[in-house]
């Protein structure tokens, strides 16, 4: 029997995470399936930011760096995030953006393996990860060995300094085998850096358990930290003492207000700080993390897999005659919290969906991509998204000229 | 005849900038003389940020990158700031923090002079400028030639790739001769980078007029952009085509959403972008710049010089018997908008002043530092600050034990 809307309502009724949706301010009538690009707004953020601006910046002014803990915020927000990474709190720091943090970590990592000449990465990695690998390689005279995801294990040999990969492929949603690849890197004497941008908040990475060396990720996707929220960095404690990178700035100094001539790296994660953190963005992120308070990551993962499977099943049932080609692992355990379908008219279809209040995104060259944030996406939202897609297709609504016009950002 | 409070009131009454103070939300009873560390809150910022959070992030979600111009914001805020720098708008970009931008600019600058081996800077430059010079020199195998401010011209020879200096010394408030040093650098075939952190918003730099190559600065001091506001970068248009740096990320790509494998630098300042901008901090900065709308920089500079002179004169008149030693040029035209006095008990004195609502700051080793933001500091504020200082000294209030306790940030 085909899946019905009632089936979806029943799933919502028994969803242990259902109440979390009330923690978000979601626009009426919108099905938001782009939390993998920009997470929805947690309801408590506006008031917190307003208090920050008026009472901390406005009233207490410069004294707030101490009085309100601004100076320690990169560590404090890192510690708050740490449980979602499976990390002890003193190994996570929140600051700057993901691109910059990739540069910091990769630079520092290759310096720990000065006798090795290769950075391994894969073709499907996010572009900025690849650009930074190219840049670090150029600075240090190294080779970037870029292979497809299936060949990563074969590419790790004794010349490899660092393996730099994304936990979840941003185009296909494929989950790479973080434990096995990290182990293989270590067995070859290499270090492993994982970009968790598309996994943190929807699945465990168990960084400590897997003895991962380095991880990075952003705050603005599933973590709901707000547009351009500061990014995070994880450095395994066993590497803290020797880790150095070229972007060491005064906030990373052992005694920043001594304002001395030579850089002395601060203890632990301190040395990964650069300059003054963007406090408005920081405080929004800190408050946003409250939506994860006390949450069970296993419940999130279970619901995430169910949501992606439901979307795939509904498209299969209801749009079997359309040229939608699944670009995601069929096995839910190997999928992140997103699904992509290739379709020759993906671009105007995505625009028509957005016009109807179903927000996903388009990714080159021909992908409709939808992401499912388990804290606020319901099973009925998946139903409505596919029902709207059916309507857009059956009426050929997508074929209106203005849905074909390309904008700069999609 | 000694200066009186009435004299100060008269100066305020005839101050053409007096009305600007109403644009700020200042706490009652506080004399705020630390705008050189963290600018006061412009009144219109809270409402703008609130609208941004609720209507752009919350309601319009991912579509805001286009619909509300988020993606272009680093350029747009740069263009809004450009008149304060004396720069054509397409040469200024706002993103990341000052430390990171120094690294970008210095790295790119030395790469434009591959046959040269020296970065010239001065001992009084801000520490993070020196750390980044050290780091760039280490990466490129260069020498950092660190001299005192008076010897900069002598240090510029044919080996010099870049001269990296602060326009205003953060400890002494001394203004370096930007036009003459830039000319000397060019005559020697070198490039000049100026850190305008302590000058933008209180004096002209006339970057285009002086044919400066590069400039950087932060948004959170006199520009009042909020704690950790994104920083700015200026690259002279004649260098745009060839400028490259190692932190090139996807937002700097010529076609960022093509998400292609190789980095292709975007036109003009685009290539100085790294990753996703911290939008909450960005939008606060953008709104804050409204306090400068239509302002006459010459009026700001005139008032700034008058305020620093008034402070010096009042200390001279009223505290002549105390061991205060002026650590600032006696000539107002060679001073920025701050004044420092050395005093053996500067630390507890500053703490006692703060306890009385007069907020300046302490800088190692023995400096009381006060800054004067001409848009919101009145002449009577200077009177009250010195009157309070007299009271703190005469009653030995500063010698209470808790004023001697050191905190992490001052």
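Overview of values
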| item | result |
| --- | --- |
| Projected area averaged over orientations for region A:47-292, convex hull of C-alpha atoms, nm² | 12.9 nm² |
| Whole-number percent relative contact order across chain A, with pairs defined as alpha carbons under 8 Å at least 6 apart | 21 percent |
| Percent of Cα-Cα distances greater than 14 Å, calculated over region B:230-303 | 69 percent |
| Region A:26-92 shape via C-alpha gyration tensor axes, a/c threshold 1.5 | oblate |
| Top of B:378, B:171, B:116 by mean-square fluctuation, Gaussian network on chain B, Cα under 10 Å | B:116 |
| Highest-MSF residue in chain A out of A:210, A:54, A:125 [GNM, Cα springs under 10 Å] | A:54 |
| Inter-centroid distance (Cα atoms) of region A:299-326 relative to region A:205-247, Å | 31 Å |
| Averaged over B:119-129, number of beta-carbon atoms from partner chains that fall within 10 Å | 3 |
| Region B:207-338: relative contact order as a whole-number percent, Cα under 8 Å and 6+ apart | 20 percent |
| Rounded to 10°, Cα long-axis angle of helix B:127-140 versus longest principal axis of chain B | 20 degrees |
| Sum of -39500 (n - 2.57) over DSSP H runs of 4+, divided by residues of chain A (222 nm, nearest 500) | -10000 deg cm²/dmol |
| Å³ per residue enclosed by the Cα convex hull of the protein assembly as shown | 154 Å³ |
| Relative exposure of A:22, B:345, judged by other C-beta atoms within 10 Å (fewest first) | A:22, B:345 |
| For region B:1-131: rounded, prolate or oblate by the Cα gyration tensor [a/c cutoff 1.5] | oblate |
| From the C-alpha gyration tensor of chain A, square roots of 5λ in Å | 37, 27, 19 |
| Overall Cα dimensions of region B:141-206, principal axis frame, Å, largest first | 34, 23, 22 |
| For A:59-68, mean number of other protein chain Cβ atoms within 10 Å | 6 |
| Contour minus Cα-Cα distance for residue A:404 and residue A:47 (0.36 nm per residue) | 124.6 nm |
| Residue order, fewest to most surrounding Cβ atoms within 10 angstrom, among A:286, A:317 | A:317, A:286 |
| Cα-based helix-to-principal-axis angle, A:279-288 vs chain A, degrees rounded to 10 | 50 degrees |
| Tensor-based shape of region B:325-383 (alpha-carbon gyration tensor, a/c under 1.5 rounded, otherwise prolate or oblate) | oblate |
| Most to least packed among B:399-406, B:81-88 [average Cβ atoms within 10 Å] | B:81-88, B:399-406 |
| Among B:172, B:395, B:302: highest mean-square fluctuation, GNM of chain B, C-alpha pairs under 10 Å | B:395 |
| Contact order relative to length of region B:47-292, as percent, for alpha carbon pairs under 8 angstrom and 6 or more apart | 23 percent |
| Neighbour-count order for B:393, B:53, fewest beta carbons within 10 angstrom listed first | B:393, B:53 |
| Cα centroid separation - region A:132-180 against region B:7-83, whole Å | 43 Å |
| FRET E, pair residue B:209, residue B:333, Förster distance 25 Å, beta-carbon r, rounded to 0.05 | 0.90 |
| Number of partner chain Cβ atoms within 10 Å, mean per residue of B:99-110 | 3 |
| Two-site FRET efficiency, residue B:88 against residue A:6, from Cβ-Cβ distance with R₀ of 56 Å, rounded to 0.05 | 0.35 |
| Approximate spin-label separation residue A:298-residue A:320, in nm, with each point projected 7 Å along Cα-to-Cβ | 3.7 nm |
| Tilt relative to chain B, helix B:98-111 - C-alpha long axis, 0 to 90 degrees, to 10 | 50 degrees |
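Since every read-out is calculated from the coordinates, none of them should be taken as a lab result. Since the model is a prediction, treat every value here as computed from it, not as a measurement. Note that we place each Cβ from the backbone using ideal geometry, even for glycine, and neighbour counts take in every protein chain shown.
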